[in-house]
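Structure, as structure tokens:
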Amino acid sequence: MIGIIDYGAGNLGNVLRALEKLQYEARLLGTLSGLDSEVDFLVLPGVGAFPPAMAELSRRGWIQVLRDWGQAKNPLLGICLGMQLLYEASLEDGLTEGLGFFPGTVAPLEGLRKSPHMGWNRVSWLRELPGITDLFPGGLDAYFVHGLSCNTALGTPDFHRIMFNPAGLGIYLCKLLLCHADYLSVVAENNRS
């Protein structure tokens, strides 16, 4: 079971519909009580600004739960703002502490003529990613709405991250989520063994 964290700042509908289209069992987790033993891995989507998103995660009691989840090496996929929240901190609208899974600080992009940067860009692979580089040889065109950057968009065995906005990707979002869901399902199964 895939749990999609609903903290009031996410592109939940797109993610849930894509997972259901791929025939994954998924549900929105609006409260901590929804996180039970059936949930194999979590998706942390997000749209908006870092400080209010962290404040809302805190208000709803998710911060320590997510940190415990990660410390137990349970799989987690951060999408767009959700990916940024996985870092130690952000400089968006001042300094705000993040979840701390990845070292580094989310910082404003330098050299932009206009912020936020909006538009379609080519995402190129810096290294082989299981299932993804084969599915999207040569890269993927993705839509970005942001004025911030992070160290990298690559993940670890237990955590995956996607910086771009999945809205508008349609079937490509489904394929991308399928890669992550398949891979993270294997990680979850291995963690149970």
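The values are calculated or read from the model by the stated rules, or taken from the named source; none is laboratory data. For clarity, every value in this text was computed on a predicted model and none was experimentally measured. When we count neighbours, we look across all protein chains shown, and the Cβ atoms used for this are built from the backbone with ideal geometry, even at glycine.
Only one residue in Leu129, Leu135, Leu112, Leu95 is at pLDDT 80 or above and not polar (S, T, N, Q), so which one is that? Give the derivation first.
Details: Leu129 fails: at pLDDT 80 or above; Leu135 fails: at pLDDT 80 or above; Leu112 fails: at pLDDT 80 or above.
Criteria check complete, one pass: Leu95.
Being surrounded by fewer than 18 Cβ atoms within 10 Å (Cβ to Cβ), within 20 Å of Ile2 (Cβ to Cβ), charged (D, E, K, R) and at pLDDT 85 or above, is that true of even one residue in the range 39-52? No, the conditions are met nowhere in the range 39-52. Given the options Leu57, Leu28, name the one that is part of a helix (DSSP H, G or I), under 15 Å from the mean Cα position of the chain (by Cα), modelled with pLDDT of 85 or more and of a type outside the set (Phe, Trp, Tyr). Going through Leu57, Leu28 in turn, the sole match is Leu57. Going through (1) assigned to a strand (DSSP E or B); (2) within 12 Å of the chain's Cα centre (by Cα) one by one, Gly10 falls short only on (1). Filtered by the rule that a residue be surrounded by 17 or more Cβ atoms within 10 Å (Cβ to Cβ) and among the polar types (S, T, N, Q), the range 6-27 gives Asn11, Asn14.
Write out, first by first residue and then by second, each pair whose Cβ atoms fall under 6 Å of each other, whose residues are 6+ apart or on separate chains, and whose first residue, in the range 3-17, is under 12 Å from Gly48 (Cα atoms) while the second is basic (Lys, Arg) and surrounded by fewer than 21 Cβ atoms within 10 Å (Cβ to Cβ). If the second residue must be basic (Lys, Arg) and surrounded by fewer than 21 Cβ atoms within 10 Å (Cβ to Cβ), the pairs left are Tyr7/Arg60.
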